[in-house]
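Heads up: the structure comes next, in structure tokens.
Taken together, the values in this text are just the output of simple stated rules run on the coordinates, not laboratory data. What you are looking at is a predicted structure, and each value in this text was computed from that prediction instead of being measured. Cβ: placed from backbone, ideal geometry, glycine included. Neighbour counts: every protein chain shown.
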Amino acid sequence: MAIAGKVRRHMKEASWIRRMFEAGIALKQQYGPEKVFDLSLGNPILEPPARFQEEMERLARSPKLGMHRYMPNAGYPETREAVAAYIKRETGLPFTLNEVVMTCGAGGGLNVVLKAILDPGDEVVVFAPYFPEYPFYIDNHGGTTVTVSTDRAFLPDLAALERCLSPRTRAVIINSPNNPSGVVYPSGHLKELGGLLERKMAQSGRTIYLVSDEPYARLIYDGLKYPYPYPHYRHTIAATSYSKDLSLAGERIGYIAVNPECPGKKELLDALVFCNRVLGFVNAPALMQHLVARLADVTVDVGWYQERRDRLYGALTEEGYQVIRPQGAFYLFPRSPLEDDVAFVQELQRNLVLAVPGQGFGTPGYLRLCYSVEDWVLDGAIDGLRKVARGMAHGSG
Ligand SMILES: Cc1ncc(COP(=O)(O)O)c(C=O)c1O
């Protein structure tokens, strides 16, 4: 069967994900699903908030005329207005519906943004560890991925970034709270990053966009207020979704928001709307737009995630794992006790715990653990992680 050579190569590059997935399925078949403790998937497992169900019922009982028809490609004006009002409240910046495009999740939004801004060969910077889909998304639109390291706290290494910016750089993608590290970028760091990009742009005269991928912005702990990048850089474009904070990952609903102070924003927004259309998304799902417009102030119980963060972080540090305490999202990214992270993940598998090796995120020597799981899964995984660490401490691992 003929498929594109590039797709075949990409599928091969991403094949470790499938291998891990298949190993998990095989273990579940062999031992029974209740004996396998799977921290490898990033699925928001909480049910959506009760208000979501109420709004669905209300809409089903009194449907709006024409509510399933085509609409403007940017989305319903009333939904975009509700989103803009929310971001305005959060940031104090003068967002209006004109800076908002509704999308098929953050993943759809990122593809729309990259299509709108990239010419062939343009470079896009990502910081390792990064969400593994970024290089594929960038390639979708003819761009080239440039990987830059992070520092010991998993914050973008700005000196390394400065060295990697080139006359072909068109965008820098950031992701806070981060998948896989859970780290939230503080305002001070965003300010320095914005300052660096402003200086580079002033020198070269070429626009560099800061693309902020923020689907976990509202899964944030310890009473922290999400530090938005907009105030620190005018050319900021955010892509986000309701996948995590309303647990609607399967419904594919999110949005792009462009900094109201972004120079040339009218042309940029026209391009985003056009790309939403010609990528075949056409518009974000209508039903979900009707619902999220009325749920701006609602989220799942963030405390539920924070409690799991505390439990897993506490257990890991107690066993001597080196790990940064995350302040958002639902992942931990500990150092692999073995230099070879794949070997360590395989050792965990032998103890019926599933994790993802750090090399899948461009950062070998680590592993990603997702704590969006039921209690029994977390408890079993903690036991397994403990057993493996103790086994290694006694030289038997
Ligand atoms: C960092 C990051 N960006 C984007 C996405 C895509 O999210 P969505 O479901 O909104 O497309 C995910 C999903 O896990 C993610 O972790």
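Set the Förster radius R0 to 45 Å, insert the Cβ-Cβ distance between residue 29 and residue 203 as r into 1/(1 + (r/R0)^6), and round the FRET efficiency to 0.05.
0.20
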Q) Roughly what % antiparallel, to the nearest 5, for the DSSP beta bridges in the chain? A) 45 percent
**Q.** Positive dipole terminus of region 1-83, leading residue within 33, 66, 4 (C-beta point charges)
**A.** 4
(Q) I want the antiparallel fraction of DSSP beta bridges within region 66-292, as a percent rounded to 5. (A) 35 percent
Q) What is the helix-to-structure angle for 50-61, meaning the angle in degrees between its Cα long axis and the longest Cα principal axis of the chain, kept from 0 to 90 and rounded to the nearest 10? A) 50 degrees
Q. Shape of region 193-327 from its Cα gyration tensor (a ≥ b ≥ c, root eigenvalues): rounded if a/c is under 1.5, otherwise prolate when a/b > b/c, or oblate?
A. oblate
Q. If we restrict to alpha carbons, what Rg and Dmax does region 1-111 come to, in Å?
A. 21.4, 57
Q) So what are the ³J(HN,Hα) numbers for region 352-358, from phi and the Karplus equation (6.51, -1.76, 1.60; θ = phi - 60°), rounded to whole Hz, Gly and Pro as x? A) 6, 10, 9, 9, 10, x, x
Q) So, with +1 on the Cβ of K and R and -1 on the Cβ of D and E, and no other charges, what is the size of the charge dipole of the chain about its Cα centre, to the nearest 20 debye? A) 740 debye
(Q) Between 0 and 90 degrees, rounded to the nearest ten: what's the tilt of helix 77-91 against the longest Cα principal axis of the chain? (A) 60 degrees
Q: Let me know the shape class of region 346-397, please: from the alpha-carbon gyration tensor, a ≥ b ≥ c as square roots of the eigenvalues, rounded when a/c is under 1.5, otherwise prolate if a/b is greater than b/c, or oblate.
A: oblate
Q. Could you state the number of Å between the C-alpha centres of region 1-74 and region 207-243?
A. 23 Å
**Q.** Estimated dipole of region 152-211 in Debye, rounded to 20 [Cβ of Lys and Arg +1, of Asp and Glu -1, Cα centre]
**A.** 200 debye
**Q.** Listed pairs 115/225; 191/244; 115/266; 200/225 exceeding 20 Å between Cα atoms
**A.** 115/225; 191/244; 200/225
Q. Once you charge only the Cβ atoms, +1 for Lys and Arg and -1 for Asp and Glu, what is the size of the charge dipole of region 66-292 about its Cα centre, to the nearest 20 debye?
A. 260 debye
Q) Rounded, prolate or oblate: which fits region 83-236, taking a ≥ b ≥ c as square roots of the Cα gyration tensor eigenvalues, rounded meaning a/c under 1.5, else prolate when a/b beats b/c? A) rounded
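If packing is taken as the average count of other Cβ atoms within 10 Å, what order do 182-194, 22-34, 350-362, 47-59 fall into, highest mean first?
350-362, 182-194, 47-59, 22-34
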Q | Folded to 0 to 90 degrees: helix 15-31 orientation relative to the chain principal axis, Cα | A | 50 degrees
Q | Cubic angstrom per residue, convex hull over Cα atoms of the chain | A | 157 Å³
